[in-house]
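Taking it in order: structure first as structure tokens, then the write-up.
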Amino acid sequence: MKIPIIIDNKMVKVDRGTPVLLAARKADIFIPTLCYHELLEPYGACRLCIVEVVQNRQRRLVTSCNYPAEPGMEVFTDTDPVRKIRKVLVELLLARCSEVPVVQKLARRMGIETSELKKKETKECVLCGLCVRFCEEVVSVSAIGLSNRGIEREVTTPFKTASDTCIGCGSCSYICPTGCIEMVPDKTPGMREMHMGKLTLEPCTNHYQCENCSTDQQFLNNLKKEVTRFRDTFSRFRNQES
Ligand code: SF4
Ligand code: SF4
Ligand code: FES
């Protein structure tokens with residue numbers, strides 16, 4: 001069922017339950033994101049997509065990528081509290097990943113030049129979790145995960161040892177917005193293995209016999225499913241626009 005919601009004084013009609021972020025995109029309203037991807041379940045990790053929502057006379061801050069549009073809702077994407085929170089988040093990102101182009105671009109777009117926070121060791125990973133979720137939700141092998149807390153938080157394999165479940169598909173490398181995962185040639189001609197900082201994931205334990213590998217088939221099935229889901233969402237949006 002289509003419902004009207006108001007975003008920054010613009011009325012937009014979307015299906016009930018559509019994430020507020022997508023409703024805003026439909027209305028051509030920019031909301032920054034780092035951990036959102038159309039093919040994956042919203043995760044709510046980076047919090048950059050924060051907006052203020054007024055619902056049942058209550059005003060609160062929510063992450064728009066995983067907050068559903070409901071009738072009577074009003075959304076504000078550029079208020080003082082929203083700007084303040086985003087500024088702190090971007091400054092933290094700049095302090096951690098000052099050299100990463102996607103972070104620099106985001107900061108520039110939000111008018112933030114430098115971070116007042118003390119710079120720690122520069123890292124390339126923005127901890128968006130896209131690689132981990134793609135590996136889990138689409139490839140279905142969960143070869144990598146996020147571990148530790150605070151500044152020690154990182155993407156790695158269980159026990160930081162070489163993974164025997166990674167199939168070397170390269171999806172994590174393609175989806176990573178910062179380029180900190182590399183696929184490099186493996187000893188087997190034409191094949192690759194995955195490098196992340198000092199960590200190397202073992203290449204395929206099935207010796208790349210993809211045609212009789214259940215993991216590979218599962219991956220292809222999931223990928224097909226995700227692409228169909230994306231196409232359906234996209235055509236629903238196109239229909240809503242027309
Ligand atoms: S290359 Fe390995 S870690 Fe990366 S998505 Fe594929 S299976 Fe997962
Ligand atoms: S390695 Fe890349 S995709 Fe994975 S969490 Fe870090 S920045 Fe995101
Ligand atoms: S895009 Fe919504 S929390 Fe990251």
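The values are calculated or read from the model by the stated rules, or taken from the named source; none is laboratory data. Keep in mind the model is a prediction, meaning the values are calculated, not measured. Please note: Cβ atoms are built from the backbone with ideal geometry, for glycine as well, and neighbour counts cover all protein chains shown. For the accessible areas, the whole protein counts, side chains as well, though only heavy atoms, and no ligand, DNA or RNA atoms are used. Shrake-Rupley method; radii C 1.70, N 1.55, O 1.52, S 1.80 Å.
Mind checking region 66-119 for GluC sites (Glu not before Pro) that DSSP puts in a loop (not H, G, I, E or B) and that have at most 16 other Cβ atoms within 10 Å? Write out the running numbers ahead of the final one.
Numbers: sites: Glu74, Glu91, Glu99, Glu113, Glu116; in loops: Glu99, Glu113, Glu116.
Passing both the DSSP loop test and the Cβ count: Glu99, Glu113, Glu116.
Based on the Cβ-Cβ distance of Thr114 and Leu220, what FRET efficiency does E = 1/(1 + (r/R0)^6) give at R0 = 51 Å, to the nearest 0.05?
Values: r = 45 Å, r/R0 = 0.89.
Taking R0 as 51 Å, the efficiency between Thr114 and Leu220 is 0.65.
What does the charge dipole of region 2-78 about its Cα centre add up to, to the nearest 20 debye, if the Cβ of each Lys and Arg holds +1 and the Cβ of each Asp and Glu holds -1? Display every interim value, and only then the final one.
Details: 10 positive and 9 negative charges, 41 e Å.
Here the size comes out at about 200 debye.
Apply the Karplus parameterisation 6.51 cos²θ - 1.76 cosθ + 1.60, with θ equal to phi minus 60°, to every residue of region 67-81 and state each ³J(HN,Hα) to the nearest whole Hz, in sequence, with x for glycine and proline.
Working through the residues one at a time gives 10, x, 6, 10, x, x, 7, 10, 10, 10, 9, 9, 8, 4, x Hz.
So, in Å, what gap is there between the alpha-carbon centers of region 67-108 and region 1-61?
After rounding, the separation between the Cα centres reads 13 Å.
Say the cut-off is 21 Å between C-alpha atoms; which of Lys84/Lys123; Lys84/Lys105; Lys2/Lys225 go over it?
Working: Lys84/Lys123 24 Å; Lys84/Lys105 18 Å; Lys2/Lys225 25 Å.
Those over the limit are Lys84/Lys123; Lys2/Lys225.
In whole Hz, with x marking every Gly and Pro, tabulate ³J(HN,Hα) for region 128-143 from phi via Karplus 6.51 cos²θ - 1.76 cosθ + 1.60, θ = phi - 60°.
Karplus-based 3J(HN,Hα) across region 128-143 equals 6, x, 4, 4, 5, 6, 5, 4, 7, 7, 9, 6, 6, 10, 6, 6 Hz.
I need the trypsin sites (Lys or Arg not before Pro) found in region 63-153, filtered to DSSP loop residues with at most 11 other beta carbons within 10 Å of theirs. Intermediate results must be reported in sequence, preceding the final value.
Details: sites: Arg83, Lys84, Arg86, Lys87, Arg96, Lys105, Arg108, Arg109, Lys118, Lys119, Lys120, Lys123, Arg133, Arg149, Arg153; in loops: Lys118, Lys119, Lys120, Lys123, Arg149, Arg153.
Those satisfying the criteria are Lys118, Lys119, Lys120, Arg149.
Ile151 versus Val227, label points 7 Å from Cα toward the beta carbon: distance in nm?
That separation, rounded to one decimal, is 4.4 nm.
Over region 1-154, average the accessible area per residue using a 1.4 Å probe and give it in Å², no decimals. Each step should come with its number before you reach the end.
Details: 8170 Å² over 154 residues.
Counting only protein heavy atoms, the per-residue value for region 1-154 is 53 Å².
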